[in-house]
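Presented below is the structure to which this report refers.
The values are calculated or read from the model by the stated rules, or taken from the named source; none is laboratory data. What you see is a predicted model; the values in this text were computed from it and never measured. Cβ sites come from the backbone with ideal geometry, for glycine too, and all protein chains shown count toward neighbours. When the accessible area is computed, the model is the full protein with side chains, heavy atoms only, and any ligands, DNA or RNA have been set aside. Shrake-Rupley method; radii C 1.70, N 1.55, O 1.52, S 1.80 Å.
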Amino acid sequence: MHPVTRSSARLGLRELAIADVEALLAVYGSPVATEHLSFEPRNREQVEQVVARSVTAATAMPRTEYALAIVETETAELIGSGRLALDPHQERGATLGFALHPDVWGRGYGVETVRLLLDFGFNDLRLHRIWGARSPLNEASAKTMSAVGMVEEGTIREHVLKAGKWRDSVVHAIIDREFCSRSRS
């Protein structure tokens, strides 16, 4: 499926483009924005590689990864990225992730982003289960996933190596019927 677009009142999801490197560097290069992510802040060359891989993956057949730009509807400014990656170990399953620029934190954009990603995953890709993992210290992400109906399932011990230390990840997931019943209410 290409190109992917999704929108809500305040946000839009669209395919990443080479022209997005600078704006994405402001997110992926920020120590604040990446504090709870699974990677250290990235430099320009690394972000260029991420974007190039995402652009290539967008037209792969079959497509297994959807790395999308998060843009403010009013300004069309890229404020983050969202990702759904099909899980090769689970039929009709995918992992979810997102990162937003710290300047837009606290506005409910995380909840809006995750709802857009879940809607795309369940309604367009016909997935059965979508899950995401967060740093145990990332309470904002815990609240975001809870707000959209994702259930905390447990902890993957020493899952991520960051800054030379192993870190646990807390898993949250939602099933298609749970998302559909929330969408109708």
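Tabulated results
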{"item": "Verdict on V71 being outside any strand (DSSP E or B) and of a type outside the set (F, W, Y)", "result": "no"}
{"item": "Residue within segment 44-58 that is more than 16 Å from the chain's Cα centre (by Cα) and part of a loop (DSSP other than H, G, I, E, B) present", "result": "no"}
{"item": "Matching residues, segment 21-74, being aromatic (F, W, Y) and open to solvent by 20 Å² or more (accessible area, probe 1.4 Å)", "result": "Y28, F39"}
{"item": "Wholly enclosed strands (runs of 3 or more DSSP E) of segment 123-176 bearing at least 1 residues crowded, with 18+ Cβ neighbours inside 10 Å", "result": "129-134, 165-175"}
{"item": "Cβ pairs under 6 Å, 6+ apart, first in segment 154-166 and farther than 12 Å from S135 by Cβ, second open to solvent by less than 70 Å² (accessible area, probe 1.4 Å) and of a type outside the set (V, I, T)", "result": "R157/D168"}
